[in-house]
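The values are calculated or read from the model by the stated rules, or taken from the named source; none is laboratory data. The model shown is predicted, which means the values in this text are computed figures rather than measured ones. Cβ coordinates were reconstructed from backbone atoms using ideal geometry, including for glycine residues, and neighbour counts include every protein chain displayed.
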Amino acid sequence: MRHRSTMLLLSLLIPPALAAQGHEHGPAPKIVNGGVFPAGWSVRLDEDGKPTDVSLVSMAPGWHITTAASGIMYRAADTASGTYTLNTKIHLFPSQGGHAEAFGLFIGGRDLAGPGQRYTYFLIRGDGSYKVKRRDGSKAADVTKDWTPSPAIVQAKADGPVANVLTVQVGKDKVSFSVNGQEIYSAPTASLDASGNFGLRVNHNLSLHVETLELKR
């Protein structure tokens, strides 16, 4: 019942123009108040992006993000090391990107405002596939070989939002990546960047509502 109530609330809060967009063809979602972010939040975009390409606004419960460029969103105070569990519940709204774009979590962030930025990121797409990658400066390398389909991921719909819960559980020896309570990938902790800042990774042409972003130690 709570899930249905939350989805109804979000449908009322999100501007109708965003909720009604198709996802096959057309321009990127309209950016409103681009470059103005809530207190404490930082946005670092990929090389071809600029701050006005992203809208990140507080919208209870959580935050709404609309993008015309890809990048990360984080708060400097959000750090984790050792063993911990990070999860987020993200609602994906239909958007006119023309192809599936990815979104999710990052962990192990270092030098996020500098040239030596590093982090591990866990992404899903509206087509029901996932990937784990690592960023090192201007380069990004795949940890998983390619986009991999998973039945655990709720796929996008043309007529309204869908929600997925992404979880990264960092243990002493293993990092587990899960969607909606189901582990879909794991890797040795020593092979990944797992200590540092955490936050959100969102590609371009997306409209998302981040309901929760929670760390448990």
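Here are the numbers:
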quantity: Matching entry among ILE153, ILE107 (being in contact (Cβ under 8 Å) with a residue 12 or more places away in the chain, part of a loop (DSSP other than H, G, I, E, B) and under 15 Å from the mean Cα position of the chain (by Cα)); calculated: ILE153
quantity: ALA80 being at pLDDT below 95 and of a type in the set (Gly, Ala, Ser); calculated: no
quantity: Test: residue in the stretch 120-135 that is out of contact with any His (no Cβ under 8 Å at 6 or more places or on another chain), in a loop (DSSP other than H, G, I, E, B) and closer than 17 Å to SER178 by Cβ; calculated: yes
quantity: Index of the failed condition, ASP78 passing every other in (1) part of a strand (DSSP E or B); (2) surrounded by 18 or more Cβ atoms within 10 Å (Cβ to Cβ); calculated: (2)
quantity: Flag if SER195 is surrounded by 14 or more Cβ atoms within 10 Å (Cβ to Cβ), within 21 Å of SER42 (Cβ to Cβ) and among the polar types (S, T, N, Q); calculated: yes
quantity: Qualifying residue in the stretch 113-127 (condition: more than 17 Å from ASN205 (Cβ to Cβ), in contact with a Lys or Arg (Cβ under 6 Å, 6 or more places away or on another chain) and free of Cβ contacts under 8 Å to residues at least 12 places away in the same chain); calculated: no
quantity: Residues (of a type in the set (Gly, Ala, Ser), under 14 Å from GLY199 (Cβ atoms) and crowded, with 19+ Cβ neighbours inside 10 Å) located in the stretch 42-61; calculated: none
quantity: Residue under evaluation ALA190, criteria (1) under 19 Å from SER58 (Cα atoms); (2) in a helix (DSSP H, G or I), criterion not met; calculated: (1)
quantity: Subset of the stretch 156-175 [part of a strand (DSSP E or B) and within 26 Å of LEU215 (Cβ to Cβ)]; calculated: VAL162, ALA163, ASN164, VAL165, LEU166, THR167, VAL168, GLN169, VAL170, LYS174, VAL175
quantity: Residue that is modelled with the highest pLDDT, among those in the stretch 16-47 that are assigned to a loop (DSSP other than H, G, I, E, B) and closer than 17 Å to HIS91 by Cβ; calculated: PRO29
quantity: Identity of the residue in the stretch 81-103, under 16 Å from VAL54 (Cβ atoms) and part of a strand (DSSP E or B), that ends up nearest to the chain's Cα centre (by Cα); calculated: PHE103
quantity: Cβ-Cβ under 6 Å pairs, at least 6 apart or on other chains, the stretch 183-194 side of a type outside the set (D, E, K, R), far side at pLDDT 95 or above and not in a strand (DSSP E or B); calculated: ILE184/SER150; ILE184/ALA152; THR189/ASP173
quantity: Residues of the stretch 128-142 that turn out to be more than 20 Å from ARG44 (Cβ to Cβ) and touching a Ser or Thr at 6+ places or on another chain (Cβ under 7 Å), as a count; calculated: 3
